[in-house]
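The values are calculated or read from the model by the stated rules, or taken from the named source; none is laboratory data. Treat the numbers as computed from the prediction; the structure is a model and nothing was measured. Virtual Cβ from ideal backbone geometry, glycine too; neighbours counted across all protein chains shown. Side chains included, ligands, DNA and RNA excluded: accessible areas come from the protein's heavy atoms. Shrake-Rupley method; radii C 1.70, N 1.55, O 1.52, S 1.80 Å.
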Amino acid sequence: MDPSRIWTRVHPLQWLLIVLLLAYPGPASDFFTFQIGAYSLILGTIALSLMMLGGLGGMVSLAQLTVAGLAAYLVAIFGENSVGVLGLGWPWWVTCLVAVFIAAVFSAFVGAISVRTEGIYTIMITLAIAVAFFFLVRQNYVVFNGWTGFAGIEPPTLFGVYWRDPAPFYYLSLAVAAFFYWAVVYCSRSPFGLALQAIRDNPRRMHALGFNVAAHRVTAYFLAGIIAGTAGVLLAWFNGRISPGSVGVDVAIDILVIAVIGGMRHPVGPFAGAVVFVLLQNFAIDLIDRERFNTVIGLVFFLVVLFSPDGLLGIWSELRSRFQQSRQSRFHSRGSSGGSKTFDSVGASQSSH
Amino acid sequence: MIVRYISKTLLAIAIVFAGWHSAKAQETIKMGALATLEGAFTVLGEEGMRGVEMALEEFGYEAGGKTIELVTGSSDASPDSALRAARKLVEQDGVPILVGPLSGSEGLALKDYAKTHPDVTFINGSSAAQDTTLREPAENFFRFTGDGAQWLAGLGEYAYNEKGYRNLAVLAEDYSFPYTQVFGFLEPFCRLGGKAPADARFWVPIGNNDYSSVIAALPDDVDAIFVALGGADAVKFLTQYGQAGGELPLVGGTITVDQSVLGSKGRIRDQVIGTPSAGPISDTWDNPAWREFQDEYRERFPDGFPSPSLFAHSYYISTKAALLALDEVNGDLSDGGKAYRRALANLEFETPTGKVSLDERRNAVADVFLTEVTVDDAGNLANETVRVIPQVNQTLGLPYEEFLAYGQVSRENPSCE
Amino acid sequence: MGRLFGRHPNWTIAVLLAAVVLVWLIFAVWPEWLVNVIGRKKTFVNTLINGLTLAGLYFLVASGFTLIFGLMRNVNLAHGAMYLLGAYIGYEVAEASGNWFLGLVVAFLAVALFGVLMQVLIFRRMEGDDLRQTMVTIAISIIAADLMLAVWTGTTYQFTPPEWLFGAITLPIVSVVKSSGDAVFIKYPAYRLAVFFLAVAVGIALWVFLNRTRVGMMVRAGVNDRDMLAASGVNIQLVFMLVFGLGAGLAGLAGVVGGTALSIAPGEDLRYLLASLVVVIVGGLGSISGAAVGALIIGLAEQFGLAYFPTYGVVFTFLIMVLVLAVRPQGIMGGR
């Protein structure tokens, strides 16, 4: 059941996927490259940070979008904006580094608050923090420019390329997403990642073995904050603006929905979830009754949680195991039909004491 | 079961992908309409769409010899969602003309977006923030319905001269549209000698649900309260003010006592009767064109408001302008819409609420109605016309440079000490 | 009292002093200098009572939330949706029948039934899986919010309370003495006072139910050790259903009560869910008395924040939450 072994096994598919992703802007229109492709990658990266916390660490945080939103705000504050509030005009790379770093520190702070309490509290506390941040930016005019927020955020023009043009921005998002994808895979096999997963499965035992449980968790929050913060910078460049509406609770919950629909066992899950989510968000209006988008996405979420806790990934491995009757695939099906690793762990830790 | 659901979804997605380069038919022109069809402003967005529909029906879905195909987009009143919907309409559906959006911050976001698509023509729906057209306007963004300060022209003078108010408290939501409204009301009021100092202004977050503390903090020694709250917020305040035994007279902003509030299910009657306000429409205006519009609306939408609201009216006028200009260029948008936009800029037409034309920044010059809330013959609350203020422009009659010297609208502008 | 004084002399003196000052602030006519420092007395007293009545409303909502969590470890994030559902159902019934109290009762029963169904059909399937239960409640709240928007649209609804509860009553508290020598008394909405007393009554009823009845004893035993209770022959599923129904019903009841004091509109579900979350995190998860203490703190903080620091009033409550979590993670009344 070591997840890392499952990942290495799908090599041919991975290659196909890489080729597809690289060739995508060719046939796709600007709209599909930018609004669907790049946006899915950004949302997927934010959800990836949640997957890292939830899937590896067993901590489901609703504040990951808040971390991304903070980074986006900082880009507007330290960089340039057209609103006339702050906009310190720092060079773009300083702005980005500082924004991501502060966002990661903030994420660690969220972690520090919530790791003092036990599992189920995390979701409540992070939800409350997300809302507090939303109210703060909405009410504060001196730093965050209140309800209006910031507009006129521009990505830099580098190497003669304007980075908000659809294809360049798509490749930028793809590069960021791919890097963090690789980083999460790498992290999950590193001693730190293994310890984190062990802590997820049984914090008491790890504590007894001499691991500093809280420090591991806070570090995980810090690393997830780097991922979410970088995605937040992309988000600011993508929209060209940031306002309280972008960091609202509904959006924070959307990130959770994306991660759960996709599946939290493997870093590809959040991206799969994001593609489905963005497609539904844009085309629900054409396919289903347009005002009921939330019912549709809510139902999908509901069914996934109820019947396939592994999300799309779970369905995928289920399908594979039905088609191939090899020993190896039976191993898979056992893994997925018995519930997700993430969710199993809660039961496991309970039954062990 | 899930498998079947997913495969259905995949099929649907495949269909969408297959159609992503659908060829545009020669004889039809796509027109986008963007309103808040999700979230708390759903009712207002639906009302806006009624206006679009009425204008299209009037033209029989034809203008300049071309068939008009309506493509709708939906936002939830946040600038981000408006931008997302506009991108879809422009970049995916390929509309050359877009009518919308509904609310102030969305308008500002769309103005910025318009600059990146100079070949697409944007016609504002009902959003009324000042800077959408006043500062750094976009060449291809048109507003036929005025801004929040324009809509209150004459109300400040009326409160000072005819109501005899001298000291006012101000209660408003804390964002750009109410700032614009407070500015438009207080500027003449304070120029005449009225007072509404900064410590008598109460700014509440949008969507605040408990006004009891604000009511407790209202000063006793003022003549009236100027209330610039919209929709649900207005209903909540009015009800709670009644429950708390409040007795001060009120002066209303444009959407504080419009049909979306007067038609709500609540106990606000005692509070609002006699409240003066101003805006681009007046429910009881005695004018054949308005009556016809009103009757048409009531007949077509029996489940709508008792009388068409500001939002139906704004979207109607904007859509009608779009169609009239299309007639003028015979439906020819082949030059990237340049001729079309020239026609729009020079357009001057009669609406149910009087003549509308545009200034050099493509913002409306239109009539404004000074109203007071009464009970109409059917027993519904309605805004009765007190007087019509003809042809108000965005700078309220001042030269552009002089008007800019007032500075951007904000909590403290004007100071009124 | 004497024993308390003996154990914590300083604390007791401080609390007594604070109480005396508070009573003086409420009943005395304020001298000029005090008005100059903290504003008019009318604002202060009204804000204080506002805080208390809001706390009453928060307690009504949060007690159901904490009751469910206490027994079943189920963080029911659909609690806000139940509040809103109760409000809408109550509104329809009250409008159709013309009887506000009927609306109150039907809302309680309907939402209680909804809660029981949720427990039987969904949560029983995933017992002991806290995280999945919480996710399901999020899904339910997304769907419910959207369906309620479809049925009741985005219009703001306002209840008509019984005639004798509408309007303001004059309290025996002097606000200012005019120069003519007439005393001006403070007026306060009658209905909101009624909310506070209803909350106190519900609180007492819950206490009696949990401490003085056989079923209540089972619930408390279940909170302490679910498995032992089941082993001693109690039908624990029945107890679960009962508690879930009661907790959900309280949310529905609060919907009508709160909807009458304020108003009903989309988005209120989230607001009351968050209020419940913060109240129980501050007060201590799973404890009814914790919900009462938390509701008082949050209600007062929110109202004083709104009146005296209107811009940042909303952020206050969350600062309190973070502070409590930093100092006492299990909440003020939470024991572990």
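Shape class of segment C:228-336 from the alpha-carbon gyration tensor: oblate, with a/c at 1.5 or above and b/c at least as large as a/b.
For the pairs B:66/B:355; B:30/B:88; B:195/C:41, note any where the Cα-Cα span goes beyond 19 Å. Flagged as over cut-off: B:66/B:355; B:195/C:41.
Tell me, how many Å apart are the Cα centres for segment C:43-66 and for segment A:182-226? Measuring centre to centre over Cα atoms gives 42 Å. Backbone amide hydrogens, once placed in the peptide plane, bring residue B:123 within less than 5 Å of B:98, B:99, B:100, B:142, excluding anything fewer than 5 places away on its chain.
Note that segment A:263-277 has calculated 3J(HN,Hα) couplings of x, 9, 8, 9, x, 7, x, x, 6, 4, x, 5, 4, 4, 4 Hz, one per residue in order, obtained from phi through the Karplus relation 6.51 cos²θ - 1.76 cosθ + 1.60 (θ = phi - 60°); glycine and proline are x. Taken over the Cα atoms of chain B, the convex hull encloses 154 Å³ per residue. Nonpolar atom fraction for the protein assembly as shown, defined as the carbon and sulfur part of the 1.4 Å probe accessible area, stands at 63 percent. Using only alpha-carbon positions in segment B:354-417, the gyration tensor eigenvalues give semi-axes of 30, 19, 9 Å once each is multiplied by 5 and square-rooted (largest first). Of A:76, A:104, A:214, the residue with the greatest mean-square motion in the GNM of chain A, using alpha carbon springs below 10 Å, is A:214.
Cross-link reach is defined here as a Cα-Cα straight distance under 18 Å, omitting same-chain residues fewer than 8 places apart; for residue C:42 the aspartates and glutamates meeting it are B:199, B:210, B:220, B:221, B:247, C:32, C:182, C:302. Based on the alpha-carbon gyration tensor of segment B:35-107 and its eigenvalue square roots a ≥ b ≥ c, which shape applies: rounded if a/c is under 1.5, prolate if not and a/b is larger than b/c, or oblate? The shape class here is oblate.
Computed from the Cα positions only, the extents of segment B:46-199 along the three principal axes stand at 55, 31, 26 Å, in decreasing order.
When the convex hull of its Cα atoms is viewed from all sides, chain A shows a mean projected area of 18.7 nm².
The order of the peptides C:25-36, B:287-298, B:167-178 by mean Cβ neighbours within 10 Å, most packed first, is B:167-178, B:287-298, C:25-36.
Applying the Kirkwood pairwise sum to the alpha-carbon positions of segment A:1-111 produces a hydrodynamic radius of 16.8 angstrom.
Indicate, rounded to the nearest 5 percent, the antiparallel portion of the DSSP beta bridges found entirely in chain B. Antiparallel bridges: around 40 percent, rounded to the nearest 5. Here the alpha carbons of segment B:77-157 define both size measures, Rg and Dmax, at 12.9, 48 Å.
Working from Cα pairs under 8 Å separated by at least six residues, relative contact order for chain C is 31 percent. Mean residue ellipticity at 222 nm, helices only, chain C: -24500 deg cm²/dmol; runs of at least 4 DSSP H residues each add -39,500 (n - 2.57), and the sum is divided by the number of residues.
Mean residue ellipticity, 222 nm, helices only, chain B: the sum of -39500 (n - 2.57) across DSSP H runs of n ≥ 4, divided by residue count and rounded to 500, is -10500 deg cm²/dmol. Looking at the protein assembly as shown, the pairs of alpha carbons with a distance over 57 Å make up 14% of the total.
The Cα atoms of chain C give a gyration tensor whose axes a ≥ b ≥ c have a/c of 1.5 or more with a/b no greater than b/c, which makes the shape oblate. Helix A:191-201 sits at what angle to the longest principal axis of chain A, using alpha carbons and giving 0 to 90 degrees rounded to 10? Taking the Cα atoms of chain A, the angle to A:191-201 is about 70 degrees. All Cα-Cα separations within segment B:261-326 were binned at 10 Å from zero, giving a P(r) of 17, 45, 31, 6, 1, each value a whole percent of the pairs. Loop-located trypsin sites (Lys or Arg not before Pro) in segment B:38-146 (DSSP state other than H, G, I, E, B) with a sparse environment of at most 14 neighbouring Cβ atoms within 10 Å: B:135. In plain terms, the chain from residue B:413 to residue B:167 could stretch by 86.9 nm, reckoned as 0.36 nm per residue minus the Cα-Cα distance.
Peptide A:15-22 is shielded by partner chain Cβ atoms: per residue, an average of 0 of them sit within 10 Å of its Cβ. Accessible area of residue A:315 (1.4 Å probe, protein heavy atoms only, ligands and nucleic acids ignored): about 20 Å². Taken as Cα centroids, segment C:205-234 and segment B:132-179 sit 61 Å apart, rounded to the nearest whole angstrom. Please work out, to two decimal places, the log10 of the ratio I(q)/I(0) at q = 0.19 Å⁻¹ from a Debye calculation in which every Cα of segment C:151-223 carries one identical scatterer. Debye curve over Cα of segment C:151-223, log10 I(q)/I(0) at q = 0.19 Å⁻¹: -0.88.
Proximity of backbone amide H atoms, modeled 1.01 Å from N, is registered between residue C:169 and C:188, C:190 at under 5 Å, excluding neighbours fewer than 5 places apart on the same chain. Helix B:2-18 sits at what angle to the longest principal axis of chain B, using alpha carbons and giving 0 to 90 degrees rounded to 10? Orientation of helix B:2-18: about 80 degrees from the principal axis. State, in square angstrom and to the nearest 100, the accessible area buried between chains C and B, both chains counted, probe radius 1.4 Å. So the total buried area for this chain pair works out to about 2800 Å².
Size descriptors for segment A:95-238, from the alpha-carbon set: Rg then Dmax equal 18.3, 57 Å. Computed with the Debye formula from one identical point scatterer per Cα of segment B:144-280, without solvent, the log10 of I(q)/I(0) at q = 0.14, 0.19, 0.20 Å⁻¹ comes to -0.56, -1.10, -1.23. Taking amide H as placed 1.01 Å from N in the peptide plane, the amide H of residue B:173 sits under 5 Å from that of B:204, B:228, each at least 5 places away or on another chain. Karplus-derived 3J(HN,Hα) values for segment B:322-334, using 6.51 cos²θ - 1.76 cosθ + 1.60 with θ = phi - 60°, are 4, 6, 4, 5, 5, 4, 5, 9, 6, x, 9, 10, 5 Hz; glycine and proline are entered as x. Each 5 Å bin from zero holds the following percent of Cα-Cα pairs in segment A:202-305: 2, 10, 13, 19, 18, 14, 9, 6, 4, 2, 1, 0. Measuring spread by the Cα atoms of segment C:34-137 yields a radius of gyration and Dmax of 18.9, 62 Å.
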